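Here's the structure, in structure tokens; my notes come after.
The values are calculated or read from the model by the stated rules, or taken from the named source; none is laboratory data. This is a predicted model, so every value here is computed, not measured. With ideal geometry, Cβ positions are generated from the backbone for all residues, glycine too; neighbour counts draw on all protein chains shown. Heads up: the accessible areas ignore ligands, DNA and RNA and are worked out on the full protein's heavy atoms, side chains in. Shrake-Rupley method; radii C 1.70, N 1.55, O 1.52, S 1.80 Å.
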Amino acid sequence: EVQLVESGGGLVQAGESLRLSCAASGFTINDYSIAWFRQAPGKEYEGVSCLCSIDGSITTYYADSVKGRFTISSDNSKNTVYLQMNNLSPEDTAVYYCATDKDVTRAIMHLTAGRRDAMDYWGKGTLVTVSS
């Protein structure tokens, strides 16, 4: 059974850092595109980042809102994807979700459109709250 479990969220002050984890089971992350979405209070979903394998090469995507501050990475031995979030601001406050799709073209399309629910699978999310 495919399952994604996010962890690492919490309450931090502006300027601090957090690392989110997405533990995957039921599939090998190397064979799928793994993305992070977030939903701020009262807002639509936003595609944050993606690890996408295209023609055997792993490429990364970052939304403009997080570029230069967030870094996505993976540990294949643990079948886990991470999102390192540095220099957090109150605008980053949201529930963060890990999601995956077998089709890289669909994954990129859904990520840029903020369509978490269109991905094949997603977790229950982890809350990140950044105070000023």
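Of all residues in region 1-23, which are in a loop (DSSP other than H, G, I, E, B), out of contact with any Phe, Trp or Tyr (no Cβ under 6 Å at 6 or more places or on another chain) and either among the charged types (D, E, K, R) or surrounded by fewer than 16 Cβ atoms within 10 Å (Cβ to Cβ) (or both)?
We begin by selecting, within region 1-23, every residue in a loop (DSSP other than H, G, I, E, B); these are 1-2, 8-9, 14-17.
Right, trim to out of contact with any Phe, Trp or Tyr (no Cβ under 6 Å at 6 or more places or on another chain) and you get 1, 8-9, 14-17.
Passing the criteria: GLU1, ALA14, GLY15, GLU16, SER17.
Being assigned to a strand (DSSP E or B), under 17 Å from LEU4 (Cβ atoms) and open to solvent by 30 Å² or more (accessible area, probe 1.4 Å) narrows it down to one residue among VAL81, VAL95; which is it? Walk me through it before giving the result.
Values: VAL81 fails: open to solvent by 30 Å² or more (accessible area, probe 1.4 Å).
When all the criteria are applied, what remains is VAL95.
In region 37-72, what residues are open to solvent by 50 Å² or more (accessible area, probe 1.4 Å) and small (Gly, Ala, Ser)?
Scanning region 37-72 gives GLY42, GLY56, SER57, SER65, GLY68.
Residues are listed down the side, and each one gets a yes or a no for (1) under 19 Å from ARG116 (Cα atoms); (2) in contact (Cβ under 8 Å) with a residue 12 or more places away in the chain:
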| site | (1), (2) |
| --- | --- |
| VAL5 | yes, yes |
| LEU11 | no, yes |
| SER21 | yes, yes |
| ALA24 | yes, yes |
| LYS43 | yes, yes |
| CYS50 | yes, yes |
| THR60 | yes, yes |
| LYS67 | no, no |
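Of everything in region 68-86, what is out of contact with any Asp or Glu (no Cβ under 8 Å at 6 or more places or on another chain), under 24 Å from LEU11 (Cβ atoms) and not aliphatic (A, V, I, L, M)? Give them in sequence order.
Across region 68-86, the qualifying residues are GLY68, ARG69, PHE70, THR71, SER73, THR80, GLN84, ASN86.
So, of the residues in region 24-36 that are surrounded by 19 or more Cβ atoms within 10 Å (Cβ to Cβ) and of a type in the set (Gly, Ala, Ser), which turns out to be nearest to ASP101 (Cα to Cα)?
Start the filter on region 24-36 by keeping residues that are surrounded by 19 or more Cβ atoms within 10 Å (Cβ to Cβ), which leaves 24, 29, 32-36.
Going one step further and asking which of them are of a type in the set (Gly, Ala, Ser), we end up with 24, 33, 35.
Numbers: ALA24: 12, SER33: 6, ALA35: 8 Å.
The qualifying residue nearest to ASP101 (Cα to Cα) is SER33.
Considering only residues that are over 13 Å from the mean Cα position of the chain (by Cα) and touching a residue at least 24 places away in the same chain (Cβ under 8 Å), look in region 118-132 and name the one that is surrounded by the most Cβ atoms within 10 Å (Cβ to Cβ). Break it down stepwise before answering.
Initially, region 118-132 is screened for residues over 13 Å from the mean Cα position of the chain (by Cα), giving 118, 120, 129-132.
From what's left, touching a residue at least 24 places away in the same chain (Cβ under 8 Å): 120, 129-132.
Details: ASP120: 16, THR129: 15, VAL130: 20, SER131: 11, SER132: 7.
The extreme case among them is VAL130.
With respect to the numbered conditions (1) farther than 22 Å from LEU18 by Cα; (2) in contact (Cβ under 8 Å) with a residue 24 or more places away in the chain; (3) touching a Lys or Arg at 6+ places or on another chain (Cβ under 9 Å); (4) surrounded by fewer than 15 Cβ atoms within 10 Å (Cβ to Cβ), which one is the sole condition not fulfilled by ASN86?
(1)
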